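Student: Next up is a structure, given as structure tokens.
The values are calculated or read from the model by the stated rules, or taken from the named source; none is laboratory data. Computed from a predicted model, the values in this text were never measured in an experiment. Every residue, glycine as well, gets a Cβ built from its backbone with ideal geometry; the counts of neighbours run over all protein chains shown. Protein only, heavy atoms only, side chains kept; ligands, DNA and RNA dropped before computing areas. Shrake-Rupley method; radii C 1.70, N 1.55, O 1.52, S 1.80 Å.
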Protein chains: 2
Amino acid sequence: MSNKPSIPQGTRDFGPEEVRKRQYIFNTIRSVFELYGFQPLETPAMENMETLMGKYGEEGDKLIFKILNNGLNDPKNQDKSRSGFEKVMEGKNSKDLTERALKYDLTIPFARYVAMNHGQLTFPFKRYQIQPVWRADRPQRGRYREFYQCDADVVGSKSLLNEVELVNIYNEVFTQLGLTGYELRINSRKILAALAEFCGGADKMIDITTAIDKLDKIGLDKVKEELAQRGLNEEQINTIEKYLLIDGSNEEKLNQIELLLGHLEIGKQGIEELEIVNRESGPGLAGSNLIIDFTLARGLNYYTGIIFEAKAPATVKMGSIGGGGRYDDLTGLFGVPNIPGVGISFGVDRIYDVLKDLDLFPEGVYTGTQVLFFNMGVAESSKAFSTMQLLRKQGVRCELYHEQAKMDKQFKYAEKKNIGFIVIIGSTEVQNNTGVVKNLKTGTQQTVPLADLSNKLFI
Amino acid sequence: MSNKPSIPQGTRDFGPEEVRKRQYIFNTIRSVFELYGFQPLETPAMENMETLMGKYGEEGDKLIFKILNNGLNDPKNQDKSRSGFEKVMEGKNSKDLTERALKYDLTIPFARYVAMNHGQLTFPFKRYQIQPVWRADRPQRGRYREFYQCDADVVGSKSLLNEVELVNIYNEVFTQLGLTGYELRINSRKILAALAEFCGGADKMIDITTAIDKLDKIGLDKVKEELAQRGLNEEQINTIEKYLLIDGSNEEKLNQIELLLGHLEIGKQGIEELEIVNRESGPGLAGSNLIIDFTLARGLNYYTGIIFEAKAPATVKMGSIGGGGRYDDLTGLFGVPNIPGVGISFGVDRIYDVLKDLDLFPEGVYTGTQVLFFNMGVAESSKAFSTMQLLRKQGVRCELYHEQAKMDKQFKYAEKKNIGFIVIIGSTEVQNNTGVVKNLKTGTQQTVPLADLSNKLFI
């Protein structure tokens, strides 16, 4: 091959340091999920086409990576005169070409799993899932074609306790990661439904939420313009403006929304739910990290109750680092109705960037080999090898330099790999059953009987 | 959707218990890799087509899952009269259809990574990789279309120390997993090359190794038949038979092979290398777990030195649970020659089956929620929630039942989820600031002041 090797656009290799830093984030999220009683699930990378298609809207369908049927390789497609490939190309519908696709998110495969296994599962079923997904999106800064999602969902329960737990999961994860200045914004789709009802009917819901969703990007004036274009009249737009301008503490906001939409049944419900989540989420959260935000709409139309959006601390320009909400009927898509649920997601790639920007990865996250044994010859390295094996039994991560080489070269290897300690066993040391232990950070060194080498020396 | 949902043939969902058991295997292997100074690498699921094609032989090429270009969805392919799909179907070569594919193993993507980054890497570069791969193989018992590989490779070193380390990695992993009766068979491709030379020339190498590779399956007589069909004469076949019948302890085998092939330079090298690995691998291994086996050939032609095959304990019929070997020039395929290396792989799916068959998963592997707090009403559950949050701070995995329900129902939930302890805080307990703690395994219960609840109670 003459071309320089490369990887597909929008995909990434993760070298040792990046893998370890990402694992630190995954492990933090995983351990908190487990602390809250969520159980791990893994689904295949590929799903049947009909499982995915039509679930993400027209735009989403286009962004699903489809897998070519390997009928191309099937003997029955291979006659002498024409290639199997040409023959398949004659096919008249896409099913001849592709029946499988890469998963686009973790939610639909989860719904498919619950629908397939609901007879065996214990409800409420609390699962978490940390896996890659694929989208044929145009790659750009912070947007990849292959990226991880970290989801936690509870299905089979209408209790608001779940929302309260999920708020606390966000808080625990972000606190453990050092992102104490995060903001978790919450709203209720029921309040948005009430607003739509107040502005002329449920059919306005999509128009209103789509416009409100853009508030951050385009500002209030443009949102009002868009509402007008979408056929809302001046009075309705004034109401929506009043709604969007609600401000103050969580309690003040709840009081104001009560005046505006509390007379509508669906509004009353939404307000009550927000009140409960705001009150029950535990001390120190409400009003500081947990912020009621009526401008939060979330585009996805399957949300029906409380919705969440997590934002990075304002000191770093990153925006959303997580989100979620309650849905009434996810598995209905797969023929199993009436399983309500609520879920959240962490945006790991963005969290990685935020931790990097704020220098929040802990010192010890990138720890590879702790000790390098120098290779000083055949007899010496044999002694070093058996000594090293004893240290490994104590859990010390060690290496023996692979060949006899100049000290300088071996030092450089230790340095480049960021190894903290070296042990030199030369011919004198073999005779004395000792080793020279050098701490490469402090520069101090000591001669130690080999029998005294232990994990305590290398911290 | 009216069809029952399903997943693609040859793929699997892993529920909570399976994920945890698999993680136990992955974590064991990962920690041993780290103990030996290997560093993690992750490459994308998809690679460019030209990275993969032609690397696995003609059969392999057919088994690569190709990803459909999303040109199908590209606006420029979408005019009114014809669908983008039809238009693409007119394309004359496969590049119009697919430019990306799912990775088929971890070795080629690793070689691609080293070739792309060799300027920045520190050699010898020791990496491990634990990721899924995909093959469009006919699914059957124990063979999946999506499965994990666990590889460790060292590149940039010719030292046999690496082989010795890899032998020890196999030993440490299998010992930690309780597979003390495993067998690690080793041979050298140099010895096979010497045999080929002795039987008429290097061009016989592929014929001989292909036939020998089938010995386990078809037996000696059929191997001899195949050798005859492949054009080897009686004398040559007799030599090969003599070779295959070499038996005894490792030392006895080395003595016999010395007599047969020691006069050839390449044979001498191979024998010496086997002797070194056999001798240096440490006490207790050679002859018991580490077995020299001249009938081991390994089909892959890129191996050039020591080759490995790990077998499950003979008590369980499973065969190979790992393998590997030395190669001279892996990255040459990608334009960067002269980087020799050696690597091994663990067959995780088979190891899982072996541990299951032999009942070797440790008791504690499947531990989800430790404590379930019963939900006894609004005020009671509020108390339970704040108590639970304090326990979680101590690392205890807890849940509060999601709604007020009959005791019976809550007991059943704990039972089905295999939760070991329940805590009941009813109205009396709220008044007294106590909780009733019940151990569901022993049946014992006690009333404990809430302030005394701690992680020590729930072991």
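Student: Ordering B:Thr175, B:Thr315, B:Thr239, A:Thr304 from largest to smallest accessible area (1.4 angstrom probe), what's the sequence?
Tutor: I get B:Thr315, B:Thr175, A:Thr304, B:Thr239, largest accessible area first.
Student: I'd like the distance separating the alpha-carbon centroids of region B:119-157 and region A:167-184, in whole Å.
Tutor: That distance is 35 Å.
Student: For A:Asp357, what accessible surface area do you get with a 1.4 Å probe? Give it in Å², rounded to 10.
Tutor: About 110 Å², rounded to the nearest 10.
Student: Follow-up. Quick one, what does Rg over Rh come out to for region A:291-419 if you take C-alpha atoms and the Kirkwood Rh?
Tutor: 1.32
Student: Per the Kirkwood definition applied to all pairs of different Cα atoms, how many angstroms is the hydrodynamic radius of region B:149-229?
Tutor: Answer for region B:149-229: a Kirkwood hydrodynamic radius of 15.5 Å.
Student: Moving on. Just how far, in whole angstrom, is region A:1-63 from region A:383-421 if you go by their alpha carbon centroids?
Tutor: 35 Å
Student: Related question: Given R₀ = 25 Å, what would the calculated FRET efficiency be for B:Gln404 paired with B:Ser31, taking r from the Cβ atoms and rounding to 0.05?
Tutor: 0.05
Student: To the nearest 10 square angstrom, what accessible area does B:Lys356 show with a 1.4 Å probe?
Tutor: 130 Å²
Student: Then there's this: Cα to Cα, under 17 Å, and not fewer than 8 places away if on the same chain: which lysines meet these conditions relative to B:Lys55?
Tutor: Cα-Cα hits under 17 Å: A:Lys4, B:Lys66, B:Lys103.
Student: Can you pull the accessible area of A:His402 for me, 1.4 Å probe, Å² to the nearest 10?
Tutor: A:His402 has an accessible surface of roughly 20 Å² with all protein chains in place.
Student: Let me ask you something else. Put simply, what bits of region B:6-22 lose 30 Å² or more of accessible area when the other protein chains are there, versus the chain on its own (1.4 Å probe)?
Tutor: B:Ser6, B:Ile7, B:Pro8, B:Asp13, B:Phe14, B:Pro16, B:Val19, B:Arg20
Student: In addition: How many lysine pairs does region A:367-458 hold where the Cα atoms are under 15 Å apart and the two sit 8 or more places apart or on different chains?
Tutor: Taking region A:367-458 as the scope, the lysine pair count is 7.
Student: Also, I was wondering about something else. Could you tell me which of rounded, prolate or oblate describes region A:103-193, using a ≥ b ≥ c as the square roots of the eigenvalues of the alpha-carbon gyration tensor, with rounded for a/c under 1.5 and, failing that, prolate when a/b is larger than b/c and oblate otherwise? Please list the in-between numbers first.
Tutor: On the way: a/c = 1.64, a/b = 1.08, b/c = 1.53.
Verdict is oblate for region A:103-193.
Student: If you take the accessible area of B alone plus A alone and subtract the pair, what total do you get in square angstrom, rounded to 100, with a 1.4 Å probe?
Tutor: The contact between A and B buries close to 8500 Å².
Student: While we're looking at this one, here's another question. Within region A:238-363, how many Lys pairs sit with Cα atoms under 22 Å apart, leaving out pairs fewer than 8 places apart on the same chain?
Tutor: The result is 6.
Student: Rounded to the nearest whole Å³, what is the per residue volume of the convex hull around the Cα atoms of region A:16-357?
Tutor: Hull volume normalised by residue count: 174 Å³.
Student: Using amide H atoms built 1.01 Å from N in the peptide plane, name the residues 5+ places from A:Ile339, or on other chains, whose amide H lies under 5 Å from its own.
Tutor: A:Leu330, A:Thr331, A:Gly332
Student: In whole angstrom, how far apart do the alpha carbon centroids of region B:316-367 and region B:220-264 sit?
Tutor: 28 Å
Student: Got a sec? Which residues of region A:41-66 lose 20 Å² or more of accessible surface with every protein chain in place, vs. that chain alone, 1.4 Å probe?
Tutor: For region A:41-66, once contacts with the other chains are taken into account, A:Glu42, A:Pro44, A:Ala45, A:Met46, A:Asn48, A:Glu50, A:Lys62, A:Phe65, A:Lys66 lose 20 Å² or more.
Student: Let me ask you something else. Along Cα→Cβ at 7 Å, what distances in nm separate the A:Gly181 label point from those on the other copies, shortest first?
Tutor: Label-point distances to the other copies, shortest first: 6.2 nm.
Student: Accessible area drop of at least 30 Å² (1.4 Å probe, protein heavy atoms): which residues of region A:279-301 qualify, relative to the chain alone?
Tutor: Output list: A:Glu280.
Student: Of A:Arg30, B:Arg22, which has the most accessible area with a 1.4 Å probe, and how do the rest follow in descending order?
Tutor: A:Arg30, B:Arg22
Student: If you don't mind, another one. Placing a label point 7 Å from Cα toward Cβ, how far apart in nm is A:Ser427 from its equivalents in the other copies, listed shortest first to one decimal?
Tutor: Taking the point 7 Å beyond Cα along Cα→Cβ, the inter-copy spacings are 9.0 nm.
Student: At A:Asp359, with labels set 7 Å past Cα in the Cβ direction, how many nm apart are the copies from this one, shortest first?
Tutor: 5.7
Student: In Å², and per residue, what accessible area does the protein assembly as shown have when probed at 1.4 Å with the other protein chains present?
Tutor: About 43 Å² of surface per residue is accessible.
Student: Over all directions, the average projected area of the alpha-carbon convex hull for region B:271-353 comes to how many nm²?
Tutor: The number I arrive at for region B:271-353 is 7.0 nm².
Student: Could you sort B:Leu440, A:Leu244 by accessible area so the largest value comes first, with the probe set to 1.4 Å?
Tutor: Details: B:Leu440 60, A:Leu244 15 Å².
Largest accessible area first, the list is B:Leu440, A:Leu244.
Student: Same structure, new question: Could you grab the relative contact order for chain A? Cα pairs under 8 Å, six or more apart, rounded to a whole percent.
Tutor: Worked out over chain A, it gives 14 percent.
Student: I've got another one for you. For chain B, give the percent of accessible area contributed by carbon and sulfur heavy atoms, probe 1.4 Å, rounded to a whole number.
Tutor: On chain B, the fraction of accessible area on carbon and sulfur atoms equals 48 percent.
Student: For region A:143-159, just list the computed ³J(HN,Hα) in residue order, Karplus coefficients 6.51, -1.76 and 1.60, θ = phi - 60°, integers in Hz, with x standing in for Gly and Pro.
Tutor: So the J values, rounded to whole Hz, are 10, 10, 8, 10, 8, 8, 10, 10, 10, 10, 9, 10, 10, x, 8, 9, 5.
Student: Translational D (Stokes-Einstein, µm²/s) of region B:367-458 at 4 °C and 1.567 mPa s when Rh comes from the Kirkwood sum over C-alpha pairs?
Tutor: 101 µm²/s
Student: How are the Cα pair distances of the protein assembly as shown distributed, in percent, across 10 Å bins from 0?
Tutor: 2, 10, 17, 21, 19, 15, 9, 4, 2, 0, 0
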